[in-house]
Structure formats: C-alpha cells, structure tokens
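Okay, structure first, notes after.
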Amino acid sequence: MEKFIDKIKSPTDLKKLSIEQLNEYADEVRELIINSVEKNGGHLASNLGAVDFVIALHYVFDCPNDKLIFDVGHQAYAHKIITGRKDGFENLRHDNGVSGFVNVTESIYDCCTMGHSSTSLSLGVGFARARKLKNEKYNVVSIIGDGALTGGIAFEALNDIGECKTPMLIVLNDNTMSISKNVGGISKHLSKLRLSKKYVAFKHSLKNGLLAIPFIGKGLSKLTEAIRDSLKNILMRNKIFEDFGIKYLGPFDGHDIKLLVSIFEQAKNYNRPALIHLVTNKGKGSEYAENDPTAYHGVSANKNNVEKLFAKAFSDKLMNIADKNKDIVAITAAMTTGTGLTDFAKKYPDRFFDVGIAEQHAVSFASGLARGGVRPVFAVYSTFLQRAFDEVMTDLCIDSVPVILAIDHSGYVDGDGVTHQGVFDTGYLGMIPNITIMSPKDGEELSNMLDFALKLNSPVAIKYPKSYCESYAIHTPIELGKWETLKTDGETVILANSAKAVEIASQIDGVTVVNARFNKPLDYEVLDTLTNSNILTIEDGMLRGGFGESVLAYLNKKGYNKTFRSIGFDDRFITETENVNAYEKAGLTVENIKTVINNMNKTL
C-alpha cells in the first residue's frame, strides 16, 4: 500500500487528507526525518517536535501565497517534505540534496533564506506592512521557538508589531529548549504559561457543567465568568504579550493536529496581531531524541573521534586553566555543548554563564565582567559573533578590555550552508584596532594560545575550525605577532593562515612553509625578510579584507615587486554544503596550489 508521504507533492495534496490521515502522515514524516538525519547528519530533535504544527499550518494556509517564515530553520524539515522536496532528503545537507535550512534558491515555498536566530518576527512584520502598502491579500505567519525568543531583536519586533497593529500570526513553538536548556526571564514566564493549560482545561469543564444545569445554568455561567477572569489575573499574571498589544492564545498542545487546525482556522481571520503558544516535545517520535534533546539537537554524520576536535582541545585547556585560576569564567550564548563548555558548566556552575541567544549582550556582559576584575572567555561560533560586531568594537576594543573570544567554527563549515560560514571573521575583526587575532594549526597550539592570551591585558580572538585537529611536531613558544617556520625547502614562501591552510601547505614540496598564526599583528620582521621572495598566502576565509590583503598592503609599503598570490574564498557567499566542493571551487586543494607554485616559480 502506497504511503501518504509518497502521495504528497505539495500543500494542495496535503489538503485532500482527512484529519485522521494527517496523523498517519505525521508518523511517516518523522520516520523520514530520523532516517535522513541518521545517514546525513542534521537537526533532529527540533524538527521532530515541529512536525504536527507544521502539517497543520500547511493544511490551513495557502502557501506560497501565504508566507510561512521559519526562524533559524531548525523546524523546517517537515515544511520541506510537504512542499515537494521529499526525495532530496536522501542527500540531506549535501550539494545534490536539500539544504539543512530554508533557502529561497531551493523552493518558492521558502520566502526567506534563514539560519540565524530571532529574526522571523521582524521579517514577518515587514511582509505585513508591505502587504498593506501594496494593497495585497495574504497571511503572514512567523514561527519562532522559545529559545529564539530570548534574542533581543525578537523583543524589538514584538514592540513594533504591537504598535503598528498590522494583522499577522506568531506561532511560538515552546519546547522548553533552544540548543542548550533555556535560561532567563522569558523562559520562566513561559513556564508559568505552560502551567495555565490546567487552568484552561478547568475553565472549559466548569463552563460545560454549568450550562448543563436546567434553567439557571446560563446565568451561573455568566456570573462565574467575571470571577474566573479575576482569578486568572490574580493567579497567572501572564500578560506579557497582551501588554505588547498582541492577542495571546494558548498554551495549546502542539501535537494535537485536529486542535491545531481548528485554532489556525480561527486565528487567520483576526484583524490584529496574534500569538499562538504551542507546547511541544523536542524529539517527539524518537525515544532517544526525546530523552536527550540537547545531544540530538544537531547530529553529525561524521563519526570521527571527538577527542580530536578543536572544541575538545579548547575545553580541556580551559578546565586546566580554571583549576588554577579562580578568576576564569566562561560565557556561552545558548551553545554550551557545541562550544565544548559542558564539563566547565558542571564543574564550575558559579563561574559559567549561559546568557541565551544574545551574542550582543554576551560581549558587553563579558566587558563588564573583565572591568570588574575577572577574566571572561566567551566561546562562540564565528557566524554568530557577527551579530555582536558593534559590541566588540565599542565595549571591548576602544577601552582595550581583556576578554578572550574563543571563536569556534571559523573558516568554511561543511553541511550547514550559506548562513553558517565562518569565513568572514578575519575581515570583520581585523579592521578593529586594539585586538589580537590568532589562528592555531592544531590542538596543542590552541592550548598554548589560551595561556598566552591570559598574559595580555587587551582583547584577544582565537579562531579555530569545526573540524578535527591534525597534529604537528613543531611547536615554538607563542610570542606576540611571531609566526613560526615549519619547513625551509625552496625560495617560494607559503604563508599559511589557519589550520586548513597549514594542512594543505605541509603537503607541498620544494617550498618554505610559514605558520602565519597571528592574523593581527602580522609578523613584520618576517615580512621584511621576504621582500625579494615570491609569496603565496593561503587562508580558510574571504580574500576581501582577509589575511592575504593585509600582508600585501604591508609589502607594498616596502616597495615589494615580486610575484604575490593569495588563495582563499572569493567575493561571494558560499553555497556549497560539502567541503570537497567548496574547497575545490576556491582552489584550496593541494593540486591547485602545486600548479600555482609552478607558475610562480617561472617568474624567478
């Protein structure tokens, strides 16, 4: 018998199913998601928890005319399956399959390319206002998780949505978690709202019971209504969204498709902004994902030894330092596990701070901690630190505040697509005065850099990739702005900046290889000795504003007139999801670099 999942090619097909059939379809969607993620990696628990309400949304609304805006994209796998991309899940997160996040180049049903948190509300009110200005008719639905709601931009949007009164629907997927367990005031508030489900159930049973009483039932029902509302205000005090000017509905069971269809049908006719609060189980349909949603938030298809991760090297060293120095504190923005801080959080709970999805706050908070006399280390993915550029500049660097930025997922990041690339950090950090920027070649050098960073009374950024560490025999002491020569085997010099660059350069014969481990400051003494050498720079980042450009700018001041080449990512957003394809297109391969070196040698 053909499964429903094989019949559904579009939301139009979905609408032909009965409510009972939708539940069967939901089970089939979950099975496909589990099988695809186990094979290819991806976001498991969050997507499993969203299946039912996403099905209900497509059953009620008419996409692509109506706009479904998925915050981040961790909840969008069911959306992709419903909108004709089921077959692409065979190669989920590969260049010949579907991407891990919503992407406008992939489908007309994806109205925005998403990947970073807390932006769906701002995008939604933008659509809603454009609809009014253009005198068009369509529904706007912004889907956001309770974790994403901790982001400051979400509150800026809520304020604007309530002020403008433009009709739109907000679906709050409350699974009590973002990636790590949620923290903060909004999390506590949502906990109160979840408890109010008992109140809602009591309200309905009381009303039905009173109405069943002959003659006086209707009057008693009206009388108790005022008492009920007063009691609600006294006991619950859950008016935060109403205070913004947004109608609040819920909380409701986010897995009851029949109920959800009814609620969405009613809500789409409102003439004001409304928020529907859904309580869901992250990982629903998978026992292991439900039992440990943090571990199964993001699943990697790469089964390499976790002991070799740069994040593990960072974690081990930070624990070692913290054992000896009580002033060391660690900060994360809802990424405890991903950045390697789980052990630190357990051992030093009073010195560990998870500020939620709030990178801007994290940087300014770190600045305050440092000014107060402690030594904060903020562990963050490169792509997410972009959100705090202004705070790094104004709250760290202007006053030269000693905060360590441990920047994970720097350089190309495989699997996660265009929104998660860490290739911009050299450019956006390198233009700021008063910051030292380092890139370790392996785990031991990362460890040494952390020791060195604590000796500086100024901001330090240590950026390293998501990948697994190579291990090198040579490790010279870390000195400010000093590179190290890994081998001297020819007149052409490779300046390798980043672990990936060193990995490639080490495989090239007949060249001199320098581990250019300081992005800023550069090693000017070494550069002064190279004014008569052909130079090739290699970097796992953008060429525009990158390491090679800064090297060439200095050499040009010295009257450099030899052959100079830079290899890295060109002036484009990286859309490849597989590192083999991405590095091939950028020329970051041993074969290509050998060719470039041969051509450069012809000029000697």
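The values are calculated or read from the model by the stated rules, or taken from the named source; none is laboratory data. In this text the structure is predicted, and so the values were computed from the model without any measurement. Heads up, the Cβs are rebuilt from the backbone with ideal geometry, glycines too, and the neighbour counts pull from every protein chain shown. Please note that ligands, DNA and RNA were not included when accessible areas were found on the heavy atoms of the full protein model with its side chains. Shrake-Rupley method; radii C 1.70, N 1.55, O 1.52, S 1.80 Å.
General remarks:
- Distance in nm between pseudo-label sites at Lys558 and Asp451 (7 Å out along the Cβ direction from Cα): 3.0 nm
- Other residues within the sphere of radius under 11 Å centred on the Cβ of Ile82, judged by their own Cβ, net out at +4 (K and R +1, D and E -1).
- Percent antiparallel among DSSP beta bridges (both partners in the range 317-465, rounded to 5): 5 percent
- Only aspartates and glutamates eight or more places from Lys585 in sequence, or on another chain, were considered; those with a Cα closer than 17 Å are Asp95, Asp414, Glu539, Asp540, Asp570, Asp571, Glu576.
- Folded to 0 to 90 degrees: helix 45-60 orientation relative to the chain principal axis, Cα: 50 degrees
- Student exercise, the range 455-604 dipole from Lys, Arg, Asp, Glu Cβ charges, in Debye to nearest 20: 380 debye
- Taking only the C-alpha atoms of the chain, Rg followed by Dmax gives 27.1, 105 Å.
- In this structure the chain gives 42 Å² per residue of accessible area when probed at 1.4 Å with all protein chains present.
- In the chain, the calculated helix contribution to ellipticity at 222 nm averages -12000 deg cm²/dmol per residue, counting -39,500 (n - 2.57) for every DSSP H run with n ≥ 4.
- A dipole drawn for the chain from +1 and -1 charges on Cβ atoms has a positive end, and of Asn291, Tyr59, Ile508 the residue lying farthest that way is Tyr59.
- Each other residue within a Cβ distance under 13 Å of Asp528 adds +1 if Lys or Arg and -1 if Asp or Glu, for a net charge of 0.
- Gyration tensor verdict on the range 471-568 (Cα atoms; rounded if a/c is under 1.5, prolate if a/b is larger than b/c, oblate otherwise): rounded
- Think of each Lys and Arg Cβ as +1 and each Asp and Glu Cβ as -1; about the Cα centre, that makes the dipole of the range 1-121 roughly 180 debye.
- DSSP-defined beta bridges in the chain - what % are antiparallel, rounded to 5: 15 percent
- Taking every protein chain into account, the 1.4 Å probe leaves Glu136 with about 90 Å² of accessible area, to the nearest ten.
- Counted charge near Asp27, where neighbours are those whose Cβ lies closer than 11 Å (Asp, Glu -1; Lys, Arg +1): -1
- Length gained on full extension, Ile108 to Glu24: 27.6 nm, using 0.36 nm per residue less the C-alpha separation.
- The convex hull drawn around the Cα atoms of the range 394-442, when projected onto a plane and averaged over every direction, covers 4.3 nm².
- In this view, the solvent-accessible surface of Arg30, computed with a 1.4 Å probe and all protein chains in place, comes to about 10 Å².
- Cross-link table Lys15/Lys67; Lys312/Lys482; Lys312/Lys346; Lys324/Lys347, entries beyond 20 Å C-alpha to C-alpha: Lys312/Lys482
- Nonpolar atom fraction for the chain, defined as the carbon and sulfur part of the 1.4 Å probe accessible area, stands at 51 percent.
- Each Cα pair under 8 Å and six or more residues apart adds its separation to the average, and for the range 1-135 the resulting relative contact order is 24 percent.
- For the chain, a simple Cβ point-charge model (Lys and Arg +1, Asp and Glu -1, everything else neutral) yields a dipole of about 2180 debye relative to the Cα centre.
- Positive-end extreme of charge dipole, the chain - chosen from Ile34, Thr537, Leu555 (charges on Cβ): Ile34
- Residue-wise HN-Hα coupling along the range 140-145, computed from phi with Karplus coefficients 6.51, -1.76, 1.60 (Hz; x: Gly, Pro): 10, 10, 9, 9, 9, x
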